[in-house]
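Trainee: A single structure is presented below for examination.
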Amino acid sequence: MNRESVNKSNLKFQNLKIAGKSSLSGQINISGAKNSALVLLAASLLTDEEVFIDNIPNLTDIQKMKNILKTLGVKIFKENNNLVINSKDLKVCELPYKLVNSLRASFFCIGALLARNGEASLALPGGCKIGKRPIHEHIKGLRALGAKIHIKNGFVNAKVDNKCKRLIGSNISLECPSVGATETLIMAATLAEGETIINNAAREPEIQDLCQMLNKMGAKINGAGESTIIICGVERLNGCSHKVIPDRIEAGTFLIAAAATLSSITISPVIPQHLESVLTKLRESGSDLIIKKDSITIKTKYIKSTDIETAPFPGFPTDLQAPFTSLMAIADGVSKITETIFENRMSHISLLNEMGASIETKNNVAFVKGVKELNGAKLLGLDLRSTAAIIIAALAANSQSKIGGLEHLDRGYDNFESKLNILGANIIRESSNDFFLESKIIMKNSICNSKDFQAA
């Protein structure tokens, strides 16, 4: 099933039929970073001139963000992986509930709308159910910039109500280095009057990418990639051309898939510095790596246990915790996986145990006793990264698997199964109502019988 037909059908009723004992080889291209592209689309609202963004990944989340911008009066033109965004006629400052509720990244628009038009109204954000992911850091920071914000019945109403009709620069200290809050406040501060200092800012590459594009537009931002970011507000921003950085999470996922299948592959383009923590753990777990300027080659002949603990960049990314757990499920020895970012990011554990893994959890820590092999299974992924994790497990399993949850997968991976097939996997996308209903029953029984569920 090609991507064109996928777009016209219900992803909830689709699954991947995956042959086990896969061996991968060859080279694949890494797409533009989802988490960067989404915030860059929001940032395009800050100017009335055209913004050209290259290397946009083909994802359902990107389509949702485009639809949100279009409801605001934004014109968007697409050619291959390039977008031309024209926000000249931006007038509406209210984001529709249905669209916002399905995409957490939609909340990024609040900072840009406040800076550009002085007001914004939107619902509380949705997305994968992996934890609370509160927005209080966003709200606190915007209030420090002078916005008056009221939250009622699930809606956030924000307005700039002062003599100059602009946000006012401020010294803001984040309680934690929230990526989303850092990005929202950077966008808001670009058009604020005076200087804004963000302390304890997130350092992720996606933030650096945002600041690079905003500076091309005429913003004055210093310190991107550091814990303190200084923004000198300007009166207006210009259009620009910008290319999205490669997706480090997609890159890491393919490297882990290669390791889990004892394979050798090359990925490109990548920025190796964005993956240092992941590369360190892959080396510790037995993989050999050849790192060049914009490519990484991995060769794996055996897998040994190694512990990981997720942390903000430059630490081990939480988005790769689930895929790495799949790798550790078939490693030699016992590993400890500690999740520090999201409290509910362990949904893949029960799925992997259904495949024969030996994993026990206590709160936010998983203790993984490696097994010789995993069994094929019929499973339903519960969020974006857990779905990727069980696909990796299915590639390494001893028999065929059927994996659902593709409405999650297609949010964050651009043609995932097609790229795996290029590398030698045997994956077919198919539709089946029976699979969806049956796998839901299987998962309900699995979760209800788990120690974690009973303890909770």
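Readers should treat all values here as calculations from the given coordinates under stated rules, not as data from a laboratory. Everything numeric here is computed off the predicted structure, so don't read it as measured data. Ideal geometry is used to build each Cβ from the backbone, glycine not excepted, and the neighbour counts take in all protein chains shown.
Trainee: Of all trypsin sites (Lys or Arg not before Pro) in the stretch 27-103, which ones are in loop regions per DSSP and have a Cβ with at most 14 other Cβ atoms within 10 Å?
Mentor: Details: sites: 34, 64, 66, 70, 75, 78, 88, 91, 98; in loops: 88, 91.
Hits after loop and neighbour filter: 88, 91.
Trainee: A further question on this structure: So which DSSP H runs in the chain come out at 15 Å plus along the axis (Cα) with average Kyte-Doolittle of at least -1.0? Kindly include the intermediate steps, with their values, before the conclusion.
Mentor: Values: long enough: 60-71 (17 Å, -0.74); 179-190 (17 Å, 1.15); 205-216 (17 Å, -0.54); 248-260 (18 Å, 1.19); 384-396 (19 Å, 1.85); 433-449 (25 Å, 0.02).
What comes out of the filter, once short or polar helices are dropped, is 60-71, 179-190, 205-216, 248-260, 384-396, 433-449.
Trainee: Now, a different point. Provide the three semi-axes, in whole Å and in decreasing order, of the ellipsoid equivalent to the stretch 34-243 as defined by the square roots of 5 times the Cα gyration tensor eigenvalues.
Mentor: On the way: eigenvalues 97, 76, 62 Å².
That gives 22, 19, 18 Å for the three semi-axes.
Trainee: Another question, then. A 21 angstrom limit on the alpha carbon distance is what I want to check against. Which of 34/78; 66/98; 75/159; 75/419; 281/336; 34/159 exceed it?
Mentor: Values: 34/78 17 Å; 66/98 14 Å; 75/159 24 Å; 75/419 31 Å; 281/336 13 Å; 34/159 29 Å.
As for pairs spanning more than 21 Å Cα to Cα, those are 75/159; 75/419; 34/159.
Trainee: So in the chain, what percent of DSSP beta bridges are antiparallel if you round to the nearest 5?
Mentor: 70 percent
Trainee: Here is a follow-up. For the stretch 296-362, what does the alpha-carbon gyration tensor say about shape, rounded, prolate or oblate, given a ≥ b ≥ c as the root eigenvalues, a/c under 1.5 as rounded, and a/b over b/c as prolate?
Mentor: Judged from the Cα gyration tensor, the stretch 296-362 comes out oblate (a/c at least 1.5, b/c at or above a/b).
Trainee: Relative contact order for the chain using alpha-carbon pairs under 8 Å, separation at least 6, rounded to a whole percent?
Mentor: Reported relative contact order: 20 percent.
Trainee: Add -39500 (n - 2.57) for each DSSP H run of 4 or more in the chain, then divide by its residues: what number comes out at 222 nm, to the nearest 500 deg cm²/dmol? Working shown, then result.
Mentor: Values: 17 runs with 160 residues, N = 456.
Taking each H run of at least 4 residues, the total per residue is -10000 deg cm²/dmol.
Trainee: From Cα pairs below 8 angstrom and at least 6 apart in sequence, can you work out the relative contact order of the stretch 39-101, rounded to a whole percent? Spell out each step's value before the answer.
Mentor: Working: 83 pairs, mean separation 25.3, N = 63.
Here the relative contact order equals 40 percent.
Trainee: How are the alpha carbon pair distances in the chain distributed across 20 Å bins from zero to the largest one, expressed in percent?
Mentor: Calculated P(r), rounded to whole percents: 26, 56, 19, 0.
Trainee: I want the antiparallel fraction of DSSP beta bridges within the stretch 34-243, as a percent rounded to 5.
Mentor: So the antiparallel bridges amount to about 75 percent of the total.
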